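Reading through the structure tokens given below for one structure.
The values are calculated or read from the model by the stated rules, or taken from the named source; none is laboratory data. Just so we're clear, the structure is a prediction, and the values are computed from it rather than from any experiment. Note that we place each Cβ from the backbone using ideal geometry, even for glycine, and neighbour counts take in every protein chain shown. These area figures cover heavy atoms from the full protein model, side chains too; ligands, DNA and RNA do not enter into them. Shrake-Rupley method; radii C 1.70, N 1.55, O 1.52, S 1.80 Å.
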Amino acid sequence: LSVSARVVWDENDEFAGAALAYKDVTDFMRALQVKDQFVASVSHELRTPLTSIHGYSLLLLDQEDLPVQTRAHLSVISRNTERLQRLVDDLLHTAQVDEDGLHVERSDTDIAQVVRDAVHAAEPAALTHGVSLSVDAPAALVVRVDPQRIAQVVDNLVSNAVKYTPAGGDIAVRVGMDGTRVEISVSDTGVGIDAADRDRLFTRFFRARHASEREIQGVGLGLNITRSIVEGHGGRIEVESEPGRGSTFRVRLPVVAGARHTDEG
Ligand code: ADP
């Protein structure tokens, strides 16, 4: 049932009572459930063939004696398959979180290495975009987090920084302790974010005008997923930005003692 309530005043502005309206939303909730299950199963079914297409395109690209044009065509197939894989993964993640909540599987993780790996993975894209990437991390920083999920967070923030920073820009990624918390920050010298948009960045499917105007690819799920993972770890994410000058996304995670083996958030 959905309930809405309203206080009723009489003509002398005296309290006359309250009106309650009950609405049966069973059908609506059932439709939402069907939609979530549909998105989850379609995404799941798309994953296997996509993995196979991507794998074989990489295998073909590995051959040395390919004609130039064939190589170019294969690269397009491979790149677009990767895009589709990312989209499918994001949809699947979103549907799964809606269905069961976010599962956080903590283990002792060198978060400095996770950050270095994510930056390393973004290097080809940074090179293509003509932006420089630097990372400032201690030799090792072991904390109890979900390594895959935290890798996804850094990956999302770094690939956004690359996407929204024009050629010639710089991206700086840092990880370290800030008091009792782990802090990961990703700063760019990119297009920045209008103050009015900052609160909406983390909502599902939100994209600022600069993203669609510049035809930068994306669907607006990345930051929503990022926030759900950070909050699933008991942490917080915030953004500072100056339009036209750049943005800094900062993630702070509490340090969790290793008493329990796994945690569900
Ligand atoms: P997507 O990149 O797929 O559009 P996200 O959820 O990752 O989705 O980001 C939502 C929106 O936030 C983007 O469309 C973009 O407008 C804005 N945004 C995210 N990161 C940055 C950044 N580093 N600089 C400027 N704008 C950004």
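Descriptive notes on the structure:
- Against the test of being assigned to a strand (DSSP E or B), in contact with a helix residue (DSSP H, G or I) (Cβ under 9 Å, 6 or more places away or on another chain) and either among the basic types (Lys, Arg) or over 15 Å from residue 249 (Cβ atoms) (or both), the options 186, 173, 182, 143 yield a single qualifying residue, 143.
- Filtered residue count, segment 159-173, keeping only those that are among the aliphatic types (A, V, I, L, M) and either more than 9 Å from the ligand (Cβ to nearest atom) or touching a residue at least 60 places away in the same chain (Cβ under 8 Å) (or both): 4
- Test: residue in segment 182-191 that is over 21 Å from residue 103 (Cα atoms), of a type in the set (Asp, Glu) and within 11 Å of the ligand (Cβ to nearest atom): yes
- Taken together, 226, 248, 203 contain a single residue that is open to solvent by less than 70 Å² (accessible area, probe 1.4 Å), part of a helix (DSSP H, G or I) and of a type outside the set (A, V, I, L, M), which is 226.
- Boolean, residue 32 is modelled with pLDDT under 90, open to solvent by 60 Å² or more (accessible area, probe 1.4 Å) and under 26 Å from the mean Cα position of the chain (by Cα): yes
- Pairs linking a residue in segment 26-39 that is in contact (Cβ under 8 Å) with a residue 60 or more places away in the chain to a residue that is among the aliphatic types (A, V, I, L, M), with Cβ atoms under 7 Å and 6 or more positions apart or on different chains, are 36/95.
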